[in-house]
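Trainee: One structure follows; several queries about it will come next.
The values are calculated or read from the model by the stated rules, or taken from the named source; none is laboratory data. If you're wondering where the values come from, they're calculated on a predicted model, not measured in any experiment. All Cβ positions, even for glycine, are placed from backbone atoms using ideal geometry, and neighbour counts span all protein chains on display.
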Amino acid sequence: MSIRHSLLALLSEGPKYGFQLRQEFEQSTGEVWPLNVGQVYTTLQRLERDGLAESDDVEADERQKNYRITAIGDEELARWLRTPPDLSEPPRDELVIKVLVASRLMDVDVFDVIQIHRRYVVQLMQQWTRLKEDEAQLDLAFALAVDAELFRLDSVIRWLDSADGRLRRATLEPIGSPKQNSVALPSIRRRTGAHR
Amino acid sequence: MSILELHKVSKVYGQGDNEVDAITDIELVVERGSLVAIMGPSGSGKSTLLTIAGSLEEPTSGDVIIDGARLNGMSRNDKARLRRRSVGYVFQDFNLLPGLTAAENVSLPLELDGVAMKKARAKGIGALDGLGLADRADSYPDQLSGGERQRVAIARAVVGERSLLLADEPSGALDSVNGESVMRMILNACHGGVAAVVVTHDAKLASWADRVVFLRDGKAVDETLAPPSPEELLNPNVANPQ
């Protein structure tokens, strides 16, 4: 998450002080991503250094400075909003690795391992969903941020379900079948190796 | 107080070589006011469990108790009466009767149970009103959107003094925002004292439940523990003091 650009976005609404930016940042993310005030001042210093924000109070202490966005800052914000983040590299997902490893070990029940993770993720989703329960109090930014987390966790469950189904099918294949090793680690490693 | 109890409930379809165990030794107790979700892959026995819990189907063995009444040995008529009075169903495809208006669809179970038409209709409109659909009371199902049809189906399931709400993939083909409203309505019914069981393969829907039971090959293999307070997600330091 780019604090730098989020602060630029808030400054694009008008000049603001650091403490104000922190408060508004937390409000706009529904307080799902807390921000410490030190991060705000460091980021503002860098924005100023790079010519993206400026302040008339040159001599003043960080906390006393009122910042505004510059024309270059506006351009940078517009560019950032329209640039898709790089999703091309698959993240090194610990959960995926655990299931892959479990699927290779003879004395480990991979389905048991999958269920432990499935239960944990569903419990986590229950916690996030509880935060949306009171609709009257539900802030839009907060709901969007919570949804993002729920969809991310849901994709984990879907992958676990799919891995479960695929592994079950693989265990039903007759011994010696060429598909027998289709879930094994080496083939995955080969693919990631080729990618890099 | 428990509204639904299943004890050692099993269901076997077919005979001899064709015998299939749909569900085996299911233990499930659902308290008044609680929402339980049943998750599992296709063919894991979720729908069988729900139809048996709603007395639409007989178990091969085991006990089903609804609202304190044991279903074993109960006559067909008594079961039908119990179903009409205590149990509401929400199906994936809504199952509204196309020739009846929204209000008529909702009040039908009450009328079948002998409630006078006028009174039943008033209760039906009240249930629709509770789900924000009072102005659609005279519309026919084909004049309603998917989300509205599902709300009518939920109104029909909770109208009267129903104590048990059973839902099979209740969000059907609705998008996720409408799916969420469906779960919110079911949860509201639970806050009003209804016990609900929702069968779904969608973790986003299941996560509205107080408890999630995982079904696999007809057996309840696992269930969620009471999750920690949601506030811990926003204040990680509370949960993790380092």
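Trainee: B:V221 is checked against (1) in a strand (DSSP E or B); (2) touching a residue at least 40 places away in the same chain (Cβ under 8 Å) and fails just one. What number does that condition carry?
Mentor: Of everything listed in (1) in a strand (DSSP E or B); (2) touching a residue at least 40 places away in the same chain (Cβ under 8 Å), B:V221 misses just condition (2).
Trainee: Starting from the stretch A:53-68, keep only residues that are modelled with pLDDT under 85, then list their pairs with residues that are of a type in the set (D, E, K, R) whose Cβ atoms are within a distance under 7 Å, requiring at least 6 positions of separation or different chains.
Mentor: So the pair list comes out as A:D57/A:K65; A:Q64/A:D57.
Trainee: Here is a follow-up. Counting just the residues of the stretch B:187-203 that are over 13 Å from B:R32 (Cα atoms) and surrounded by 22 or more Cβ atoms within 10 Å (Cβ to Cβ), which one comes out nearest to the other protein chains (Cβ to nearest Cβ)?
Mentor: B:A203
Trainee: Just name the residue that is nearest to B:C190 (Cα to Cα) out of those in the stretch A:127-146 that are within 8 Å of another protein chain (Cβ to nearest Cβ) and not β-branched (V, I, T).
Mentor: Filtering the stretch A:127-146 for residues that are within 8 Å of another protein chain (Cβ to nearest Cβ) and not β-branched (V, I, T), the one nearest to B:C190 (Cα to Cα) comes out as A:E133.
Trainee: Please go through the stretch B:59-73 and pick out each residue that is surrounded by 13 or more Cβ atoms within 10 Å (Cβ to Cβ) and closer than 24 Å to B:E161 by Cα.
Mentor: Result: B:D63, B:V64, B:I65, B:I66, B:D67, B:A69, B:L71.
For every residue, the table says whether it meets (1) modelled with pLDDT of 60 or more; (2) closer than 22 Å to A:D112 by Cα.
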{"residue": "A:A143", "(1), (2)": "yes, no"}
{"residue": "A:D147", "(1), (2)": "yes, no"}
{"residue": "A:L153", "(1), (2)": "yes, yes"}
{"residue": "A:D161", "(1), (2)": "yes, yes"}
{"residue": "A:L167", "(1), (2)": "yes, yes"}
{"residue": "A:T171", "(1), (2)": "yes, yes"}
{"residue": "A:I175", "(1), (2)": "no, no"}
{"residue": "A:R189", "(1), (2)": "no, no"}
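Trainee: Still on this structure, please answer the following. Sort through B:L164, B:L128, B:L110 and tell me the only one that's of a type outside the set (D, E, K, R), crowded, with 18+ Cβ neighbours inside 10 Å and in contact with a strand residue (DSSP E or B) (Cβ under 7 Å, 6 or more places away or on another chain).
Mentor: Selected residue: B:L164, the only one of B:L164, B:L128, B:L110 that is of a type outside the set (D, E, K, R), crowded, with 18+ Cβ neighbours inside 10 Å and in contact with a strand residue (DSSP E or B) (Cβ under 7 Å, 6 or more places away or on another chain).
Trainee: Suppose we filter B:V9, B:V20 for residues that are touching a strand residue (DSSP E or B) at 6+ places or on another chain (Cβ under 9 Å) and surrounded by 16 or more Cβ atoms within 10 Å (Cβ to Cβ); which single one remains?
Mentor: B:V9
Trainee: If I filter the stretch B:174-183 for residues that are more than 9 Å from every other protein chain (Cβ to nearest Cβ), of a type outside the set (A, V, I, L, M), closer than 23 Å to B:G130 by Cβ and crowded, with 23+ Cβ neighbours inside 10 Å, do I get at least one hit?
Mentor: no
Trainee: Can you tell me which residues in the stretch B:143-156 are closer than 22 Å to B:A167 by Cα and out of contact with any Pro (no Cβ under 6 Å at 6 or more places or on another chain)?
Mentor: Within the stretch B:143-156, B:L144, B:S145, B:G146, B:G147, B:E148, B:Q150, B:R151, B:V152, B:A153, B:I154, B:A155, B:R156 qualify.
Trainee: Anything in the stretch A:122-148 that is among the aliphatic types (A, V, I, L, M) and buried (at least 18 other Cβ atoms within 10 Å of the Cβ)? List them, or say none.
Mentor: A:V122, A:L124, A:M125, A:L131, A:A145, A:V146
Trainee: Working only within the stretch B:150-173, note down all residues that are assigned to a loop (DSSP other than H, G, I, E, B) and under 10 Å from the mean Cα position of the chain (by Cα).
Mentor: B:E169, B:P170
Trainee: Kindly provide the set of residues from the stretch A:1-40 that are touching a residue at least 40 places away in the same chain (Cβ under 8 Å) and touching a Ser or Thr at 6+ places or on another chain (Cβ under 7 Å), ordered by number.
Mentor: Across the stretch A:1-40, the qualifying residues are A:I3, A:R4, A:L7.
Trainee: OK, next. Restricting to the stretch A:104-120, give me the number of residues that are surrounded by fewer than 20 Cβ atoms within 10 Å (Cβ to Cβ) and either more than 10 Å from chain B (Cβ to nearest Cβ) or β-branched (V, I, T) (or both).
Mentor: 9
Trainee: When residues of the stretch B:142-162 are filtered for being of a type outside the set (S, T, N, Q) and in contact (Cβ under 8 Å) with a residue 60 or more places away in the chain, how many remain?
Mentor: Within the stretch B:142-162, residues that are of a type outside the set (S, T, N, Q) and in contact (Cβ under 8 Å) with a residue 60 or more places away in the chain number 9.
Trainee: Looking at (1) among the charged types (D, E, K, R); (2) at pLDDT below 80; (3) surrounded by 15 or more Cβ atoms within 10 Å (Cβ to Cβ), can you tell me which one B:E232 breaks?
Mentor: The number of the failed condition is (3).
Trainee: Being surrounded by 14 or more Cβ atoms within 10 Å (Cβ to Cβ), closer than 30 Å to A:R168 by Cβ, away from chain A (no Cβ under 14 Å) and not β-branched (V, I, T) narrows it down to one residue among B:E169, B:E223, B:E148; which is it?
Mentor: B:E169
Trainee: Out of curiosity, is B:R211 within 14 Å of chain A (Cβ to nearest Cβ), under 19 Å from A:V122 (Cβ atoms) and surrounded by fewer than 17 Cβ atoms within 10 Å (Cβ to Cβ)?
Mentor: For B:R211, the condition - within 14 Å of chain A (Cβ to nearest Cβ), under 19 Å from A:V122 (Cβ atoms) and surrounded by fewer than 17 Cβ atoms within 10 Å (Cβ to Cβ) - is not met.
Trainee: Among the residues of the stretch A:158-166, is any in contact with a strand residue (DSSP E or B) (Cβ under 6 Å, 6 or more places away or on another chain), at the interface with chain B (Cβ under 10 Å from one of its Cβ atoms) and touching a residue at least 12 places away in the same chain (Cβ under 8 Å)?
Mentor: Taking every residue of the stretch A:158-166 in turn, none turns out to be in contact with a strand residue (DSSP E or B) (Cβ under 6 Å, 6 or more places away or on another chain), at the interface with chain B (Cβ under 10 Å from one of its Cβ atoms) and touching a residue at least 12 places away in the same chain (Cβ under 8 Å).
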